[in-house]
Amino acid sequence: MPGANCFGSVRGLFGGAASRLVVPGSRVLPIRDDLAEQGILLALAATAHHAIAAGPGSYPDLVVGHGVLGRLIARLTVALSGGSPTVWERNPARAGGARDYVVIDPEVDQRQDYRAIYDVSGDARLLDRLIARLTKGGEIVLAGFYDEPLAFAFPPAFMREVRIRVAAEWAESDLVAVKEMVESGVLSFDGLITHRQDADQAEAAYQIAFSDPACLKMVLDWRGSA
């Protein structure tokens, strides 16, 4: 079931649980039992799908950031287009786990003719650097979350006739699409959930989730607490 804002002071942004929920049937998406805990990744996969599907048809040939969203965008690109995007990642702890695409440190990448760059790093200072890597008429898709204003030097963007697009929230069609891809085996969530903790260890779990670069996705197990 997708997230909601009906729980008052309880913040549902980073996950939560209840022993019972009463919702309209249209808000519920049944999943197969064997998907199990990986079902929590469907909404994030839908976000990745929306970033790609909402555009003019240019699949990313560069993805910036190899967290869970970056991995999902890269996996979806492989599944949907048969292409093999390059992924930038500076942190060696997050460089592993590629599936039919290449992960490299941006410092060793000399390419300057990317057609579509999808940024999921959330780094508001990267725009000038990304613009310098585009071919003429190329596109930058802002698919991360930025807590600082974004700015860029105009002349290089002007010379390249750069397009900048913001990827918003997923739509129901995105959720249905990724569910079908996962159930058919076209898209895999394997390796994306790296850590698990019992709910009574939530404080320690959140510390790990937000400070350990090796933690891609943390799951709180509520079965003994709900």
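Since every read-out is calculated from the coordinates, none of them should be taken as a lab result. Bear in mind that the values here come from a model prediction, so they are computed numbers and not experimental data. We place every Cβ from the backbone using ideal geometry, glycine too, and count neighbours over all the protein chains shown.
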Counting only GluC sites (Glu not before Pro) that sit in a DSSP loop (anything but H, G, I, E, B) with at most 11 other Cβ atoms within 10 Å, what is the longest stretch of the chain containing none of them?
1-160
Would you order Leu150, Leu80, Leu192 from fewest to most other beta-carbon atoms within 10 Å of each residue's own beta-carbon?
Leu150, Leu80, Leu192
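When the dipole is taken about the Cα centre of segment 31-193, and only Lys, Arg (+1) and Asp, Glu (-1) are charged at their Cβ, what size is it in debye, to the nearest 20?
Dipole about the Cα centre, nearest 20: 520 debye.
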Are there any trypsin sites (Lys or Arg not before Pro) in segment 120-226 that are in a DSSP loop and have at most 13 other Cβ atoms within 10 Å? List them by number.
Arg125, Arg223
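Going by how many other Cβ atoms sit within 10 Å of their own, how do Val166, Val141, Val219 line up, fewest first?
Arranged by neighbour count, lowest to highest, Val166, Val141, Val219 become Val166, Val219, Val141.
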Computed P(r) (all Cα pairs; segment 102-226; 5 Å bins; percent):
2, 8, 12, 13, 15, 16, 15, 9, 5, 3, 1, 0
Fewest first, what order do Tyr118, Tyr59, Tyr206 take by the number of other Cβ atoms within 10 Å?
Tyr206, Tyr59, Tyr118
Amide H contacts under 5 Å for Asp221, restricted to residues at least 5 apart in sequence or on another chain and with H modeled in the peptide plane, are Gln197, Asp198, Ala199
So what does the Cα-only Debye profile of the chain read at q = 0.13, 0.14 Å⁻¹, as log10 I(q)/I(0), no solvent term?
-0.83, -0.95
What is the set of long-range amide H partners of Val103 at a cut-off below 5 Å, with H atoms built 1.01 Å from backbone N?
Val87
Amide H of Gly122: which non-local residues (sequence gap of 5 or more, or other chain) have their own amide H closer than 5 Å, using H built in the peptide plane?
Gly144, Phe145
